[in-house]
Amino acid sequence: MAAEKASSNYRALVVNSIGADLHIEERSMPDAVPGSVVVRILASPVLSYQRDIYDGTRAYPFSTPIVGGCSAVGRVVFVGPDATVLQPGKLVWVDCVVRGRDDRDAVFLWGIHEGSTASSKKLAREVWHDGTYAEIARVPLENCIPLDEGRLCDNGNRGLGYSSRDLIYLWHLSVPFGGLRSIDVKPGETVVVCPATGGFGGAGTHVAAALGARVIAMGRNEEELARLKTFIGKGIPSAHIETVHITGDKEVDTSSLMAFGTIDAVLDLSPPGAAQSTHLLSAVAALRRGGRISIMGSVGLNIIDWNFLSNDLVAKAKLMYDREDLLLLVKMLEAGLFARGAGLVKTKHFALDDWQEAFDEATTYTGVGRIVAFSP
Ligand SMILES: NC(=O)c1ccc[n+]([C@@H]2O[C@H](COP(=O)([O-])OP(=O)(O)OC[C@H]3O[C@@H](n4cnc5c(N)ncnc54)[C@H](OP(=O)(O)O)[C@@H]3O)[C@@H](O)[C@H]2O)c1
């Protein structure tokens with residue numbers, strides 16, 4: 001790898017204002033000030049609804065102009081003076097969840113939204129403003145998680161054979177992992193993932209299986225449910241996955257779930273478009289006494305009824321994951337708990353200039369093991 005020059009420029013994909021076309025801008029290389037790391041971005045995922053964020057369909061709050069983004073896989077270019085372990089050249093996971101260093105209530109996702117407190121908005125507007133849809137990003141030191149490149153990327157016996165760019169699948173895995181951890185899902189428990197045919201739902205099924213849970217995957221698309229079961233079974237032969245077709249009849253779907261016996265937990269990753277669907281109500285109705293629900297999606301507000309109360313159910317809302325969750329997930333990946341090499345994920349990579357195509361593709365290229373990314 002050629003040494004980076006502090007004077008060189010880089011290209012970034014900029015959202016000038018909500019609803020406007022994005023454009024490429026040339027920027028000058030940032031310094032690594034204390035508390036920061038400058039990273040060369042190798043790949044950064046595109047959400048299935050990334051376009052909706054930048055055209056205002058999903059009214060996420062952020063100030064413009066902004067370099068769009070998400071999390072990323074990158075390589076350290078420069079480190080600030082307070083870095084003790086990270087060094088130039090190191091492969092890192094760049095986590096987009098920024099947390100206030102002196103205010104635990106300040107949390108936001110850079111390139112996606114600026115959070116809801118005065119502190120998060122200050123940090124998002126004045127310090128950690130620009131995201132990872134760029135060749136270079138300056139990121140908080142603590143948001144760079146070192147990756148064991150030898151273990152993850154070598155093709156020999158010691159390595160797992162992943163390409164460094166395909167490691168962006170950590171993005172899909174990390175979100176549901178945060179939800180599953182927040183309700184303490186344990187090996188041997190049974191967890192319903194609903195809906196399971198999307199990017200995060202598919203990965204939720206994947207990571208729950210890697211945790212040793214039995215998973216009941218719910219979805220409307222039976223073909224995709226079958227692909228999900230096969231895909232995960234190939235990489236995790238011990239995976240125990242059942243599927244339930246969402247029929248739209250709440251009682252029928254509850255009975256289908258209960259036919260599998262005791263259900264301990266539910267992971268919800270419903271998009272706003274599923275507001276009228278009864279799948280989450282069915283899953284909650286099928287829970288055992290004291291069962292837990294992780295609400296990560298957008299339809300969880302109407303689950304509290306007499307059944308909820310009389311069965312001592314517990315609902316926990318979760319934004320993303322805690323930092324400890326991410327560190328553990330990286331360890332699980334490095335430990336070889338997922339499929340090796342190309343069995344982990346099939347990524348479609350796009351150049352920054354092809355942002356329209358990337359956003360289009362991300363709306364349809366969904367489901368387990370599928371992800372769209374910018375690879376600047
Ligand atoms: N809490 C957090 O931190 C967090 C983080 C990231 C995302 N999320 C949430 O997760 C959601 C899913 O994201 P994604 O990228 O996985 O989306 P996605 O890939 O587009 O998947 C959407 C899923 O929802 C299902 N669905 C859509 N409309 C439905 C309906 N009317 N009835 C039943 N199922 C329906 C789809 O089923 P089909 O396959 O049948 O279309 C698919 O399984 C997001 O919308 C977001 O709100 C939350």
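Just so it is clear, none of the values below were taken in a lab; they were calculated from the coordinates. As the structure is a computational prediction, the values presented were derived from the model and not from experiment. Note that each Cβ is placed from the backbone with ideal geometry, even for glycine, and that neighbours are counted across all protein chains shown.
Couple of notes before you dig in:
- If you go through segment 105-134 and pick out every residue that is surrounded by fewer than 17 Cβ atoms within 10 Å (Cβ to Cβ) and among the acidic types (D, E), you end up with 2.
- Scan of segment 269-281 for residues that are within 24 Å of L173 (Cα to Cα) and either more than 10 Å from the ligand (Cβ to nearest atom) or part of a helix (DSSP H, G or I) (or both), ordered by number: P272, G273, A274, H279, L280
- Taking each residue of segment 97-117 that is free of Cβ contacts under 8 Å to residues at least 40 places away in the same chain and looking for partners that are buried (at least 16 other Cβ atoms within 10 Å of the Cβ) and polar (S, T, N, Q) with beta-carbon atoms closer than 7 Å, six or more apart or interchain, yields G100/S119; G100/S120; D103/S119; D105/S119; A106/S119; A106/S120; F108/S120.
- Of R151, R181, R125, R138, all but one fail to be touching a residue at least 24 places away in the same chain (Cβ under 8 Å), in a helix (DSSP H, G or I) and more than 28 Å from K234 (Cβ to Cβ); the exception is R125.
- For S44: the one exception among (1) of a type in the set (S, T, N, Q); (2) surrounded by fewer than 22 Cβ atoms within 10 Å (Cβ to Cβ); (3) within 16 Å of the ligand (Cβ to nearest atom): (2)
- Qualifying residue in segment 160-173 (condition: assigned to a helix (DSSP H, G or I), within 16 Å of the ligand (Cβ to nearest atom) and within 29 Å of G261 (Cα to Cα)): yes
Residue by residue, here is whether (1) among the polar types (S, T, N, Q); (2) within 30 Å of D95 (Cβ to Cβ); (3) within 15 Å of the ligand (Cβ to nearest atom); (4) buried (at least 20 other Cβ atoms within 10 Å of the Cβ) holds:
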site: K250; (1), (2), (3), (4): no, no, yes, no
site: L267; (1), (2), (3), (4): no, yes, yes, yes
site: A283; (1), (2), (3), (4): no, yes, yes, yes
site: A286; (1), (2), (3), (4): no, no, no, yes
site: S310; (1), (2), (3), (4): yes, no, no, no
site: L337; (1), (2), (3), (4): no, yes, no, no
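- Listed conditions (1) within 24 Å of R289 (Cα to Cα); (2) out of contact with any strand residue (DSSP E or B) (no Cβ under 7 Å at 6 or more places or on another chain); (3) hydrophobic (A, V, I, L, M, F, W, C) are all met by L267, apart from (2).
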